[in-house]
Amino acid sequence: MNELYFKVEKDYDRTRFDEMIRLGGYEIWDRELKRYVWFFPMKEMKRVEALLTTPLEIEGFDYKTEKMNIEGWKGKSGFDIIEFPKIFQLVEYRKSKTTGKVNSIKHSVSKETVLQVWEVLKDYPQTKMLKFETLSEAICKSFGLMRFFRQTGTYDKQKFFGSRAEAYFPFYYYPLKVLEYKGVIQYTSKYTRRINDELEFQTEFKEVIYESGDVK
């Protein structure tokens, strides 16, 4: 029986490359698209979604709404976290020191990514205070992010922390902020600790509208 595959259009990604290969993926160069097209076994879809930190778009299925409604602004800075069927959206507010205007910046993280980070945390007892180095190393091992390990096999936490956009934020900071919002962990700049055994996701969703002019 032939195995089913799905494809992902993606540029070369040195952070995720090794794990994409390990998950059974193979790449070809598409001359028309001028980018790589990856093919993965269907059985690995959830793992691939977690690794890419974004859900795979399926034709005819809208996994999130484009807009949401934000009433006012809460404090000088901070987050709103909105749960959608397949992602969490983190809305970060920053107030300009010169103009006083508040701008919102949106970040998204796949629920599969959050779930995989949660599984890493569940390997430790609730009483365990996990330092950044310990937890980030365990997360890198779980996602197969091997470029953050030296040739000797030791973990390079500074390299991981320095790869802000491609690794630290999507695999560490955003998932932990979501889990903190869900009330299942305590998260500080010094340590992370699991405080619950069960993680529940929302099952019912309503369309919400966002207008940038509402944020003042």
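Coordinate-derived values only; no laboratory data. Since the structure is predicted, the reported quantities are computational estimates derived from the model, not experimental observations. Cβ: placed from backbone, ideal geometry, glycine included. Neighbour counts: every protein chain shown.
Below, the figures for the structure above:
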{"read-out": "Cross-link table K111/K190; K7/K131; K7/K182; K46/K106, entries beyond 30 Å C-alpha to C-alpha", "value": "K7/K131; K7/K182"}
{"read-out": "12 Å beta-carbon shell around N196, net charge (K/R +1, D/E -1)", "value": "0"}
{"read-out": "Net charge, E19 excluded, C-beta distance under 12 Å - Lys, Arg +1, Asp, Glu -1", "value": "+3"}
{"read-out": "Per-peptide average of other Cβ atoms within 10 Å, ordering 183-190, 115-122 highest first", "value": "115-122, 183-190"}
{"read-out": "Linear extension gain, K106 paired with F201, 0.36 nm per residue minus alpha-carbon span", "value": "32.2 nm"}
{"read-out": "Scattering profile of the range 5-52 at q = 0.19, 0.20, 0.27 Å⁻¹ [log10 I(q)/I(0), Debye over alpha-carbon scatterers]", "value": "-0.54, -0.60, -1.04"}
